[in-house]
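Input: a single structure, listed below in structure tokens.
The values are calculated or read from the model by the stated rules, or taken from the named source; none is laboratory data. Just so you know, these numbers come straight off a predicted model, no measurement behind them. No Cβ is skipped: glycine too gets one built from the backbone with ideal geometry, and neighbour counts run over all protein chains shown.
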Amino acid sequence: MIRNRPPTVLAYGVGVDSTALLIELVARGEAPDLVLTADTGVENPLTYAYLDIIRPWMAAHGIQFEIVSYAPKRFKHWPPYYSLLEMCLTNATVPSKSLGGSSCSLKYKKAPQDAFLRNWQPAIDAWARGEKVVRLIGFDAGKQDTRRYQHAVTIHDPHYDYDYPLRRWGWNRDRCKARIEAEGLPVPPKSSCFICIGMTPEEVRALPPWCFRMIVLVEARAAPRLHTAEGLWRRSTRFRPGSMTEFIRHENLLPEAEIETIIAQAPTQLIEFQAAAARLPLENRPTMKDWLERFNAGLLEAA
């Protein structure tokens, strides 16, 4: 088969805009050659649940779908970690967005997709022909995404051309929701890490208890190094504190005793785990995921 266009890849965030874009592209006979999702390992549980809905839809329409994730190349003297959450706990920090940066998105979303595409044969073939791969981005025509778009179009990439069909179509967020509903699918929740500064108070309230425990743990572990931020929300506003832990406490989302136990004990236990793991050969080291499983199991047993 002779290809008469460069390969197209949809950067799928499992949110409203990218879902509506995918549905409409398929309806127009312009389905992407690949749909690619980067899993940070700490997405909102509702986002993971939506994958169970949209994945069969993609399979029914013959869409190639891949989930990629960050794979560190070196572990130095630390136990291995593979997610944004595990990185925060290992390095006693919060996501860079909570500190005014943006490297968490680059490291845990863009970089894994770039790594996958470097080994994707249609991309390799296109680059050999002197073509660029087309990346489809779900920025809508609303005000918020307009600001993101204006920044994105200033970036030159030698390997990719970026296309924003929703903006060409003039679709805003409401139009995207309507298109998803017209397809007979539920509208997905906002795609976000549950430890992201972008989480709203309403979205935090809707999280399951295990996420509250993780939030308290992350802020407690990072507390000694937080000199410019109060916590995951960075600074207080009229509507919420800068610390998600204080919000959880004020809203009674976790028992006070449980919050205090996590703050008092978990960071020290984690440091002891790291020290013990560092003394083992890399191939024998337990991972940060192993510790988190024990952390959660211990809390459940004590409840």
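Residue pairs whose Cβ atoms lie under 7 Å apart, separated by 6 or more positions or on different chains, with the first residue in region 119-137 and exposed (fewer than 13 other Cβ atoms within 10 Å of the Cβ) and the second of a type outside the set (A, V, I, L, M, F, W, C), do not occur. Region 45-147 holds helices (runs of 4 or more DSSP H) entirely within its bounds, and those carrying 1 or more residues that are farther than 24 Å from THR8 by Cβ and under 17 Å from the mean Cα position of the chain (by Cα) map to 45-60, 84-91. If you check VAL16, VAL68 for being surrounded by fewer than 20 Cβ atoms within 10 Å (Cβ to Cβ), modelled with pLDDT of 95 or more and in contact with a helix residue (DSSP H, G or I) (Cβ under 8 Å, 6 or more places away or on another chain), only one passes: VAL68. Of the residues making up region 84-103, just one is of a type in the set (Gly, Ala, Ser), over 12 Å from CYS196 (Cα atoms) and modelled with pLDDT of 90 or more, namely ALA92. For region 180-193, the criterion of being out of contact with any Asp or Glu (no Cβ under 9 Å at 6 or more places or on another chain), within 30 Å of ARG235 (Cα to Cα), outside any helix (DSSP H, G or I) and modelled with pLDDT of 95 or more is met by at least one residue.
Residues that are in a loop (DSSP other than H, G, I, E, B) and surrounded by 16 or more Cβ atoms within 10 Å (Cβ to Cβ) within region 156-171 comprise TYR164, TRP171, listed in sequence order. Pairing each residue of region 208-234 that is more than 22 Å from ILE271 (Cβ to Cβ) and free of Cβ contacts under 8 Å to residues at least 40 places away in the same chain with any residue that is of a type outside the set (A, V, I, L, M) and part of a loop (DSSP other than H, G, I, E, B), provided the two are 6+ apart or on different chains, yields C-beta distances under 7 Å for GLU230/SER236; GLU230/PRO241; GLU230/GLY242; GLU230/SER243. Only one of the listed residues (LEU22, LEU36) is farther than 20 Å from ASP114 by Cβ and either surrounded by 21 or more Cβ atoms within 10 Å (Cβ to Cβ) or out of contact with any Lys or Arg (no Cβ under 8 Å at 6 or more places or on another chain) (or both). That residue is LEU22.
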